[in-house]
Amino acid sequence: MILSDKKILKSIKSGEIVVKPFRRKCLGTNSYDVHLGKHLAVYTSRVLDAKKHNKVEEIIIPKSGFVIEPGTLYLGATEEYTETHNSVPFLEGKSSVGRLGIDIHATAGKGDVGFCNHWTLEISCVQPVRVYAGMPIGQLIYFAVDGDIENYYNKKANAKYNKKTVKPVESMMWKNKF
């Protein structure tokens, strides 16, 4: 079951959902709008290796914006820091962003209960697009959890994305054993 605006607001007031900064105008009927932070990153190598730590180069989006190009994966981060303690957050792109030909996640749209951080975005586009820090980029949709939770993400010893940061985080696949 997707949480309604009233349920999201009630969960924010109780601390079950945290959004910083919280802006009431960003609360939709059944979602909360998030914005692109000022940090982007691109991998320094064109060939990525799933068993190695692939390095990234940081880009700070200037006031005049930054043109993203097809054929490059850009890692971005949400301006908002979020915590979710009793529901499952899903991040989806806004339709206005999609109509510019921008995808904000390749596969990782679902968060975990207990995720406490800025969201890393996997941004790609079909044609060059100028993007701006602070522009609406996506929306969080919250699903109710049925049953007790044993293993909150922020308490997992092997969670790869628990380090708090406003910058996008590159793939930590290399930490897996395979």
| request: State the number of residues belonging to the range 54-68 that are surrounded by fewer than 12 Cβ atoms within 10 Å (Cβ to Cβ) and not β-branched (Val, Ile, Thr). | output: 6
| Can you name every residue in the range 51-68 that is out of contact with any His (no Cβ under 8 Å at 6 or more places or on another chain), assigned to a strand (DSSP E or B) and either under 30 Å from LYS6 (Cα atoms) or of a type outside the set (A, V, I, L, M) (or both)? | GLU57, PHE66
| task | Kindly indicate which of HIS85, HIS105, HIS118, HIS53 is under 22 Å from THR165 (Cα atoms) and out of contact with any strand residue (DSSP E or B) (no Cβ under 9 Å at 6 or more places or on another chain). | result | HIS53
| Only one residue in LEU140, LEU48 is aliphatic (A, V, I, L, M), in a loop (DSSP other than H, G, I, E, B) and in contact (Cβ under 8 Å) with a residue 60 or more places away in the chain. Which one? | LEU48
| query | Just one of VAL113, VAL131, VAL88, VAL145 is β-branched (Val, Ile, Thr) and either touching a residue at least 60 places away in the same chain (Cβ under 8 Å) or within 21 Å of ILE61 (Cα to Cα) (or both); which is it? | reply | VAL131
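For (1) surrounded by 19 or more Cβ atoms within 10 Å (Cβ to Cβ); (2) more than 12 Å from the chain's Cα centre (by Cα), each residue gets a yes or a no:
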residue: GLY28; (1), (2): no, yes
residue: HIS39; (1), (2): yes, yes
residue: PRO70; (1), (2): no, yes
residue: LEU75; (1), (2): yes, no
residue: THR82; (1), (2): yes, no
residue: ASN86; (1), (2): no, yes
residue: PHE90; (1), (2): no, no
residue: TRP119; (1), (2): yes, no
residue: VAL126; (1), (2): no, yes
| query | Is there a residue in the range 2-15 that is under 18 Å from the mean Cα position of the chain (by Cα) and assigned to a strand (DSSP E or B)? | reply | no
| message | Given the condition in contact with a strand residue (DSSP E or B) (Cβ under 9 Å, 6 or more places away or on another chain), modelled with pLDDT of 95 or more, among the hydroxyl-bearing types (Ser, Thr, Tyr) and in a loop (DSSP other than H, G, I, E, B), answer yes or no: does some residue in the range 21-36 qualify? | response | yes
| query | Would you say LEU100 is modelled with pLDDT of 95 or more, within 17 Å of LYS160 (Cα to Cα) and of a type in the set (A, V, I, L, M)? | reply | no
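The values are calculated or read from the model by the stated rules, or taken from the named source; none is laboratory data. The structure presented is a predicted model; accordingly, all values stated were derived computationally and were not measured. Don't worry about glycine lacking a Cβ; one is built from the backbone with ideal geometry, like all the others, and counts go over all protein chains shown.
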